[in-house]
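Report on the following structure.
The values are calculated or read from the model by the stated rules, or taken from the named source; none is laboratory data. Note that the structure is a prediction, hence the values are computed from the model and not measured. All Cβ positions, even for glycine, are placed from backbone atoms using ideal geometry, and neighbour counts span all protein chains on display.
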Amino acid sequence: GEAATARQAFLGAAAAGRAHRDHRLLGRAALGLGGVWDPATVLDEELRGMLAEALAGAPHLEPELVVELTARQARALEDLPLATRAVAQARELGRPGPLLAALVALHCAADGLDADRRHTLTEEIAALAETVGDRERQVQAALMLARSRLEHADRQGAAAAQRRAVDGAAALRGEQYTAVPALFGLAWSYLDGRFGDVERLATEGPVAERPAEDPLGLGLARLYLVAVRREQGRLAELPDLAASYPNYPAARCALPVLLLDTGRTDAARAALAAAPVEATTPPWGLALLAEACVELADRSRAVEVYALLRRHTGHALVLSNALLCLGPADRPLGMLAGLLGRPQDAVRHFETALTVARRLGARPALTRTRIDLAGVLLDRGRPDDRARARQLLEPAAADAAELGMTTLAAAAERLRSRLQSSAAPAAPAADPMLTRRELEVLTLVARGLANKQIARTLEVSDKTVKAHVSNILAKVGAADRTQAAVYAVRHGLAGEP
């Protein structure tokens, strides 16, 4: 539990290794500094430098140490080719310890793996941890197994992995491992929609009390609080998130939606264009980018994201070993299919997402997907679609209100209003300059609502509405709200009276 003291000790050992040209001491100091756990949302530049320095002396080191250093460098750099090379070297050596380190590095670097391949890798890591007798690695493997089981919507299997992780952490007796039970508490509470419990655990429990340098606690509380605030439509209450994790690559996937949720559309568009959309992008990151694509009506980017995300169909999205489950991968796939004008594919994906959410017992995800599917069915307009949409919306609207998912509850009510009319009115026409949320705000501006009334209607903050209105005025070339309302009427964006 004395991470700061341990860090200084390893830095001191590294200095001694340099002074005496002891390459082995420098290498061991680098491995000690790196440790077993990767802190959430942080990249350690000092560790990166020490690992590179130690590997520069590779000709003077035994092969096992070189493999372990290469593996740790791959983790520090999130470098998939380097991790793959470390695994190949370790298999050639035939030693379980270096192979275990290399496989863990591969697991960390290959976050874009599909769930089945990740599970195979995780099982090998767990077996090697038992063979080597490394109790810290056994806890780490149990956390990986919990993630894998959640990705397969196997709640019972995830709970079994939880028991192994909690029991293993208790046996280690280290102060830092007191966060492990709380981590699972956060994961299950969020999955079930018990957002009050998430806030309590994130602000009062062992995770919140961990020191800043503790890799098991750092960033976890904040990740879960951000997720809950998004569900509640209260993200604007948190400090500026755009600058929170500037050197963490995967955070670039979350940045576009965080900017959108706080009304910074132009910045979100730029962030979406700059975000990594590649084979190594984690599926949860692709899902967040999918939301941004839909909100910004970016069809070109949507095609790229869909092509990579579709291999995760039938599985759930879990944010690394933080175990933050963002629901079924088929929900963002359905959203993208809808944006790309493929309603049948959208319905198919949303139906799959409903199945996965039910297996997980994920009430918020089930609620979101029901509302998404209802919207697609209303837009498609087949003979039985309205009846099915009504069947979906009744429980979804009630659950959204009960869970405090205010933005979602407002969306459900708007869809229910469409159902109550004798014929489903068309949604406001699209405008390539405006996001979906900006179109909603413009429609309400055209009806004469003030910012506070719009905020209450959409269940967002006054500050967010003000930002949206400013964006709208700039984009449509309006000097004031009256001119914006005229623009809406002329372009068919005023919606139904």
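Among residues that are in a helix (DSSP H, G or I) and farther than 30 Å from residue 201 by Cβ, residue 307 is included.
Table: residues versus (1) under 16 Å from residue 468 (Cβ atoms); (2) surrounded by 21 or more Cβ atoms within 10 Å (Cβ to Cβ); (3) of a type in the set (Asp, Glu).
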{"position": "273", "(1), (2), (3)": "no, no, no"}
{"position": "276", "(1), (2), (3)": "no, no, no"}
{"position": "281", "(1), (2), (3)": "no, yes, no"}
{"position": "293", "(1), (2), (3)": "no, yes, no"}
{"position": "296", "(1), (2), (3)": "yes, yes, no"}
{"position": "299", "(1), (2), (3)": "no, no, no"}
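For region 91-126, the set of residues classified as part of a helix (DSSP H, G or I) and either basic (Lys, Arg) or over 27 Å from residue 281 (Cα atoms) (or both) consists of 91, 92, 93, 96, 97, 117, 118, listed by residue number.
Here's the yes/no breakdown for (1) of a type in the set (Asp, Glu); (2) at pLDDT 75 or above; (3) surrounded by 20 or more Cβ atoms within 10 Å (Cβ to Cβ); (4) not in a helix (DSSP H, G or I):
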| residue | (1), (2), (3), (4) |
| --- | --- |
| 171 | no, yes, no, no |
| 183 | no, yes, yes, no |
| 186 | no, yes, yes, no |
| 196 | no, yes, no, no |
| 202 | no, yes, yes, no |
| 213 | yes, no, no, yes |
| 228 | no, yes, yes, no |
| 231 | yes, yes, yes, no |
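Yes or no: region 151-163 includes at least one residue that is in a helix (DSSP H, G or I), out of contact with any Lys or Arg (no Cβ under 8 Å at 6 or more places or on another chain), touching a residue at least 24 places away in the same chain (Cβ under 8 Å) and not acidic (Asp, Glu). Checking region 151-163: not a single residue is in a helix (DSSP H, G or I), out of contact with any Lys or Arg (no Cβ under 8 Å at 6 or more places or on another chain), touching a residue at least 24 places away in the same chain (Cβ under 8 Å) and not acidic (Asp, Glu).
Of the residues making up region 321-355, those that are among the aliphatic types (A, V, I, L, M) and in contact (Cβ under 8 Å) with a residue 40 or more places away in the chain are 322, 323, 324, 326, 329, 333, 335, 336, 339, 340. Of all residues in region 430-454, those satisfying the criterion of being over 22 Å from residue 375 (Cα atoms) and assigned to a helix (DSSP H, G or I) are 445, 446, 451, 452, 453.
Working only within region 471-490, note down all residues that are in a helix (DSSP H, G or I) and more than 16 Å from residue 448 (Cα to Cα).
Looking only at region 471-490, we keep the residues that are in a helix (DSSP H, G or I), and these are 471-476, 481-490.
Those that are in a helix (DSSP H, G or I) and more than 16 Å from residue 448 (Cα to Cα): 471, 474, 475, 476.
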